[in-house]
Amino acid sequence: MSYLPAEWHKQSLIQLTWPHKDTDWACMLEEVNTCFLKIAYEVLKRQNLLIVAPDPDSIRNSIDNYGADIQKLITSKINTNDTWARDHGFITLLQNDGTPLLLDFCFNGWGMKFAANKDNLINWNLYQSNLLKGSYTNCRNFILEGGSIESDGKGTMLTTSTCLLAPNRNDVMTREDIELYLKERFNLQQVLWLDHGFLAGDDTDSHIDTLARLCPDNTIVYVQCTDSADEHYDELSKMEEQLKTFRTLENTPYRLLPLPMPTAIYDEEGERLPATYANFLIMNDAILYPTYNQPDNDQKAAQILAQAFPEKDIVGIDCCPLIKQHGSLHCVTMQYPESVKNSKH
């Protein structure tokens, strides 16, 4: 029997897929590199980091020059389209004896919106490199992105209907078909479907990790909009009301902790960008969370995350560069649970 561990399960490493000149980041490469260096620095202070890139040696040098501890750094030379490791990375199950199962789902650029031919091969290339331990499991007949699902490690999955039922993903399947597939694939007892909530400028069809996150002790942190003039107000209010109806497997309501809504940020064309504090990364001893040069909101978000994770350091990283390409901190990272790292590397 296997299960999908919660993100706060003990981890062996974090993956970053690094930006380069042939990605959409080309016009702002230096700016986004600085953001990635900050993330890498904070990860390497605490645990192993795997970097996937076409030219990993130069990145290793950059990280070393930045002052990070490269003793825990692992690199793999692989051609890539983009940087969203959360969505093209392995989703890892653990068997009861701790043996990992590396699930390789099809990634098609969030419903064929963007090229993903190289990113869709990253997992197979990583597996061939012997950097990871575990049984390779081919799930490429199903399209699934890591940012679209949340697990509590105890048999409950949280997801959004707008993403999993979006066009060009698994069109031939109904909601009931998809729920049955998820329950069988991940050995779940329940799937909680959020039917409301969105962020303007989001390319993912409302990934759950932009809106609401499962946390320890039957807690959900979620984005709350209190400004009735904001375009998100109605949908996020409906999302909040639906979250109140959700029940744990023990039939108790969840403890709900609201995150602030960042003040609206726009790109040069005037399009609103999908800034969200829900897009944080849970690590063994820390929470890395996105900040947006909004001191009051940034601090409020840190306080809420400290309530959800009282034992962990809460570390903010300026993610204004990341949202210019419509993602944030959780989107560019993927954690692997304990025993996945090959001890030979």
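Points worth noting:
- Distance between the 7 Å Cα→Cβ label points at ALA306 and LYS154: 2.6 nm.
- Among 229-241, 167-179, 324-336, the order from most to least packed when residues are scored by Cβ within 10 Å on average: 324-336, 229-241, 167-179
- Net charge over other residues, Cβ less than 11 angstrom from the Cβ of GLY146 (K, R count +1; D, E count -1): -4
- Helical contribution to [θ] at 222 nm, DSSP H n ≥ 4, -39,500 (n - 2.57), averaged over the chain, rounded to 500: -7000 deg cm²/dmol
- Taking packing as the residue-averaged number of other Cβ atoms within 10 angstrom, the listed peptides 114-120, 209-215 run from highest to lowest as 209-215, 114-120.
- Probe 1.4 Å, all protein chains present, accessible-area order of ASP97, ASP203, largest first: ASP97, ASP203
- Prolate/oblate/rounded label for region 188-228 (Cα gyration tensor, a/c 1.5): oblate
- Using C-alpha pairs under 8 Å with a sequence gap of at least 6, the mean separation divided by the residue count of region 102-188 gives a relative contact order of 30 percent.
- Our estimate of slack between ARG255 and LEU180, defined as 0.36 nm per intervening residue step minus the Cα-Cα distance, is 24.3 nm.
- Mean sequence separation of contacting Cα pairs (under 8 Å, at least six apart), scaled by the length of the chain, corresponds to a relative contact order of 21 percent.
- Contact order normalised by residue count of region 106-258, Cα under 8 Å, 6+ apart, percent: 20
- Tensor-based shape of region 1-156 (alpha-carbon gyration tensor, a/c under 1.5 rounded, otherwise prolate or oblate): oblate
- Cα gyration tensor shape for the chain, rounded if a/c is under 1.5, else prolate or oblate: rounded
- Set of region 233-277 residues, backbone N closer than 17 Å to the point 7 Å along the Cα-Cβ line of ASN293: 262-276
- For the chain, the antiparallel share of DSSP beta bridges with both residues in that region comes to about 40%.
- About its Cα centre, the dipole of region 22-119 is roughly 220 debye, where the only charges are +1 on Lys and Arg Cβ and -1 on Asp and Glu Cβ.
- Summed over the residues of the chain and divided among them, the accessible surface reaches 41 Å² per residue at a probe radius of 1.4 Å.
- Surface/4 estimate of mean projected area, convex hull on alpha-carbon atoms of region 158-251, nm²: 6.8
- Annotation: region 57-109 has a Kirkwood hydrodynamic radius of 14.0 angstrom, from the mean reciprocal C-alpha pair distance.
- Straight-distance candidates among the lysines for linking to LYS113, with alpha-carbon spacing under 23 Å and chain neighbours fewer than 8 residues away dropped: LYS21, LYS324.
The values are calculated or read from the model by the stated rules, or taken from the named source; none is laboratory data. Note that the coordinates shown come from a computational prediction; the quantities given were computed from them, not determined experimentally. Here Cβ is always computed from backbone atoms with ideal geometry, including for glycine, and neighbour counts include all displayed protein chains. Areas reflect the complete protein model, heavy atoms only, side chains present, ligands, DNA and RNA absent. Shrake-Rupley method; radii C 1.70, N 1.55, O 1.52, S 1.80 Å.
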